[in-house]
1. Checking the conditions here, which among N511, N527, N434 is surrounded by fewer than 16 Cβ atoms within 10 Å (Cβ to Cβ), within 30 Å of K284 (Cβ to Cβ) and at pLDDT below 80?
2. Name the residues in the stretch 379-399 that are part of a loop (DSSP other than H, G, I, E, B) and either modelled with pLDDT under 90 or at positive phi (or both), would you?
3. Test M579 against the stated conditions and say whether it is buried (at least 18 other Cβ atoms within 10 Å of the Cβ), closer than 16 Å to I599 by Cβ and over 36 Å from the mean Cα position of the chain (by Cα).
4. Given the conditions (1) modelled with pLDDT under 75; (2) within 29 Å of A657 (Cα to Cα), and given that T549 satisfies all but one, which numbered condition is not satisfied?
5. Among (1) more than 19 Å from S594 (Cβ to Cβ); (2) under 41 Å from the mean Cα position of the chain (by Cα), there is one condition T554 misses while meeting the rest; what is its number?
6. Need pairs with beta-carbon distance below 6 Å; first residue in the same structural domain as G628 (by TED's automatic domain parsing) and within the stretch 644-666, second hydroxyl-bearing (S, T, Y) and surrounded by 11 or more Cβ atoms within 10 Å (Cβ to Cβ); sequence gap 6+ or separate chains.
7. Between a first residue in the stretch 38-66 that is assigned to a loop (DSSP other than H, G, I, E, B) and a second residue that is among the aromatic types (F, W, Y), which pairs have beta carbons less than 6 Å apart while being 6 or more apart in sequence or on different chains?
8. Cβ-Cβ distance below 6 Å, separation of 6 or more or different chains: which pairs start in the stretch 558-580 with a residue that is outside the structural domain of V540 (by TED's automatic domain parsing) and end on one that is in a loop (DSSP other than H, G, I, E, B)?
Amino acid sequence: MLAVATVVCTTMMAQTPNAITQQLYWLDGDISSAQAVTSTVDISGLLPGLHSYSIRVKDSNGLWSSIVTKYFVIPYNEPTATAIAQREYWIDGNVAARTALGESPAVISIGSLSSGLHSLTVRVKDDAGRWSSAVTKYFIIPSATESSSVAIARYMYWIDGNVANCVTGNVTGSAIGIDFSALSEGTHTLSWRVSDTKGAWGMVKTETFTYSNLTAAGDWNVATNWNTGVVPAAGTDVTIAADITIPSDYVANAGNITIADGGSLTIADGGQLFCNNSVAATVKKSIADADAKDAKDHWYTISAPVHTDDYNYVTIGNETTVNLTNNGAYDMFAYEESTHTWLNQKEGNGATGFDKMYAGQGYMYRNSGNELSYVGNTTVGPVNIALSYTSTLDVEDLRGFNLIGNPYTHSIAKGSGKAIDNSKLSTGCYALTNSGTWTIIEDGAEIKPNQGILVEVSEAVADFQIKDINYVTPDPGKFKNDNIKFIVESSEYSDAAYAWFDKGIGLTKINHRNENAPMLYIPQDDNNYAIATMTDDTKVFGLNFKAATAGKYTLSYKATGDYNYLHVIDRLTGADVDMLLEGEYSFIGTPKDSENRFIVHLEYMPNYGEGDNDIFAYQSGSDIYVSGQGELQVFDITGRRVISTTINDAESISIPAQGVYIFKLNEKAQKIVVR
C-alpha cells in the first residue's frame, strides 16, 4: 500500500517542485473515513472477501492529486465440517411447518394427509453451521374407497400422438369403433386411457399398428369397395386385398400399391393407372374383328404395358404373360429398321423372327376379334430403347423409321419436354388408324396405354428414353381463350401458327417432313413457336414466314375474342393490311426472302405521312434525304429507335437494312419503306 503512495508522490514531484503536505487513504470507497497515511493499515475489522484501498495527496499549493485505488482479497478460512448436526423436513412445501428429523432410519407420520399427490422435502446442517440444498420427492396416497364400488366409466384415445384431437366417450360395454379413413397407408400409433366412476384416469397406453386402404371385390371407382367408404384420393397408398378392376374410361391415381393375399388388379381396356411403384396387374386391350372381307382394316399398333420381374419384356402366347391367341387367329408384326424387314408372329405356319414384346417397342397387330391380355408388372420410371438409322440404304425415304410404344398403364404425350421428347426425333411421328392408314401425331397429342407409334430419326439414337411423364388432358376451353390463328396457304400447301393470350407453355415449331411446304411461326424467347403464349397487354409481335418454293401465298386469320384493331405489316413490301377489314393478304414469297417478314399490331398505329405538308424525307437509291432543321429520330416498325441525329437544312441518311421505318423530325412524322 505504501508503494502506491510513493508512486503518487513521485508523480507529483515530477510534475511540480512543490512539496507534498498531506496524504490520505480510505478503505472500500468510504472517503468520509479518510485518514493520514501511516506505515501500516489495520484491516483486522474487515470481513473475508474483496476490498479496496484508495489514496490521494495534496501539495504546498493546495492541489489534490487524482485518486488511486487498488483491490485486495481477504481469504475466507472455512471451518472443517466433521458431522451432520441437524436434520429437518416439511411436507407439501409448507416450510414454516418444518420439523426436526431424527437419524436414519426415521419415521414420518402421513396419516393425516388426504389421498392424492404430496411432496416431502429434506435438508441437513453440518457441525460448521452450513445447510445443504433442499431435496424434494413426491409420493401418492391412494384413495381408501373400496375397489368393489369402482368401475370403468369413460375412455379417451388419440392417433399419432395428436392428443389435442383426442376422442372421448362413455364406456357402454359395446365395442368402440375408431375411424381410420383419414389416415395414410403406413405405420401409426394409437394411444388411450380410461377413467373410473370416481373420475380418476389411468395411465396412457400406446400401441403401433399398420393401416392399409383395403379393397373388396369390384370396380376401383365404387366407394363401397373400399374399407374407408371413399375412393382413394390421388397419391393415396392402398392395399388390394380382393379382385379389383379399373373400369374402362376411368383413371385411377394412387401412391404405392400393395397386393395382399387374395388380391388382384385388372385394368380394363380404356382404363388407366397412375401409381408410384411397379405392381402386378392384368391389362386388357379390346380388338375389333378383322375378317377376310375386310383384310386391310382393324390393324392396331400396340405395345406392352407390363414386363416380367427379371426382364424388360413379356413372352407372346403364354397365358401368364401376353395372351394373343385367345378366340382365334392373329397376325402380328415387328419392324426391323436395319434391314427394313417386317418380322411376323402369327398362329400356325408362317411365323418368323420374334416371340417377345419389349418395353417401349411398338408392334402391328390384328386378329379375328379378341381381347388381348397382358399379365406382368406395371412399368414405372424411364425406359431406354435404341432407335436405328441405316445410312447405307439406297432408298432414302425408308431410313430411320422405328416402331416404339407407350410402356405405361397411363397416357403419355409427344413433344418438347413430354414423355416422348422431340429433341432426338425427326419431324415424322405417326399413329395407325383402324382403317390401316397412318396419321400424323401432333405435339401434345395423347398416346394411350398399349398404343404404338411410328417415329423417324435422322441418325441412330442408342439411348432414346421414354419418360414416365403423365399426359395431362387439355382443358376443352383452352383455345376458347383469346387467340388468333394465322394461316398461310399456297395452291398445294398450308401451315398455321397461334398467338395464344394465356399463361402456359407454348408449342414449338417443327420442320415439315415435306420440304416443299411453307412454314409460319411466331418468334419468341429465341424459339420458334407454332403456339406462342402471350400476356394480355401484348400489342406487337413478329410473325415469321419461310417459303420453301417461290410462289403466291395468302395469309388469313381466325380469331377468338374481340379485336378492334388487327393490322399485319409486310416488312418486305411495306404493305399495312387491315385484317379486320380485308380478311386476308396475298403476296409473293421466295426462299431467299428474310423469314422475319411480318409484324402484327393489335393497337392503332398512326398512318404517318398523310398529306403533302408532312413530307420531309424521300428515298433516292440506297439513301434517304431529309430536309429541315431539328432532331431527327428513326424508328423501325417494332418501335425500336435505330437513329438519332441533328439535321441542318438537307442531309443524307443511310439506312442499314430494308424494311418499314418511321422518320420523326420535330413534330412531323413520316413512314418510309426502304427497299
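The values are calculated or read from the model by the stated rules, or taken from the named source; none is laboratory data. Only a predicted model underlies this, so the values are computations on that prediction, with no experimental measurement involved. When we count neighbours, we look across all protein chains shown, and the Cβ atoms used for this are built from the backbone with ideal geometry, even at glycine.
1. Answer to the check: N434.
2. If the condition is that a residue be part of a loop (DSSP other than H, G, I, E, B) and either modelled with pLDDT under 90 or at positive phi (or both), then G381, S388, Y389, T390, S391, T392, L393, D394, V395, R399 are the ones that fit.
3. Values: buried (at least 18 other Cβ atoms within 10 Å of the Cβ): yes; closer than 16 Å to I599 by Cβ: yes; over 36 Å from the mean Cα position of the chain (by Cα): yes.
Here the answer is yes, as M579 does meet what is asked.
4. Of (1) modelled with pLDDT under 75; (2) within 29 Å of A657 (Cα to Cα), only one is false for T549: (1).
5. Of the numbered conditions (1) more than 19 Å from S594 (Cβ to Cβ); (2) under 41 Å from the mean Cα position of the chain (by Cα), the odd one out for T554 is (2).
6. Correct list of pairs: A650/S627; S652/Y625; I662/Y608.
7. P48/Y76
8. Going by the 6 Å Cβ cut-off, there are no qualifying pairs.
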